[in-house]
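Bear in mind these aren't lab numbers, they're just calculated from the coordinates by the rules spelled out. Keep in mind it's a predicted model, so treat the numbers as computed, not measured. Note: ideal-geometry Cβ built from the backbone for every residue, glycine included; neighbour counts use all protein chains shown.
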Amino acid sequence: MAKPADTKTATSRKPAKGTRSAAETEKIRAALAGRRDELQAEYDQTLSEITELQRERLTDSAGDDQADTGTKTFEREQEISLANGILDRISQVERALERLDEGNYGWCERCGNPIPVERLAAFPSATLCVTCKQLEERR
Ligand SMILES: [Zn+2]
């Protein structure tokens with residue numbers, strides 16, 4: 001005798017993934033891609049500032065005293081760590097895009113609900129929905 005078809009689905013406690021609509025997935029992809037472009041522009045900008053600082057250091061260092069040199073080195077180091085921070089965020093967004101293609105992105109790790117598109121656009125590395133995140137922070 002054949003079993004009722006619904007016993008199979010009832011045993012899985014986890015919410016089924018992939019219920020997000022294609023339109024929503026596209027929205028997330030567009031948000032992430034836009035974010036990546038923004039970061040890329042920011043990175044390029046920072047790099048040209050580093051180059052600029054470097055040039056200044058080389059060209060008008062003749063009249064510099066110790067303090068000037070120190071300030072310029074400090075500024076440059078700050079720019080470099082800023083640039084590295086941006087690179088990290090770019091790779092975060094790129095990983096997010098890969099996971100999106102695999103269908104593993106944008107789901108709350110705790111409750112399995114879809115994380116809102118707006119939240120993902122603001123925090124590409126978000127792994128919890130707002131509710132779960134708040135619960136986490138309250139502990
Ligand atoms: Zn959640």
Item to check | Segments 65-73, 121-129 sorted - mean Cβ within 10 Å per residue, highest first | outcome: 121-129, 65-73
Item to check | Calculated diffusion of the stretch 42-139, Stokes-Einstein form, Kirkwood radius summed over Cα pairs, 4 °C and 1.567 mPa s, µm²/s | outcome: 79
Checklist entry - PRE reach from ALA41 (point 7 Å along Cα→Cβ): which of the stretch 79-103 fall under 16 Å by backbone N? => result 90
Checklist outcome for this item: Among the stretch 108-124, those whose backbone N falls under 15 Å of a label point 7 Å along Cα→Cβ from LEU135 are 108-115
Next on the checklist: How much length would be gained if the chain were fully extended between GLU94 and ALA122, taking 0.36 nm per residue of separation minus their Cα-Cα distance, in nm to one decimal?
Outcome noted: 8.6 nm
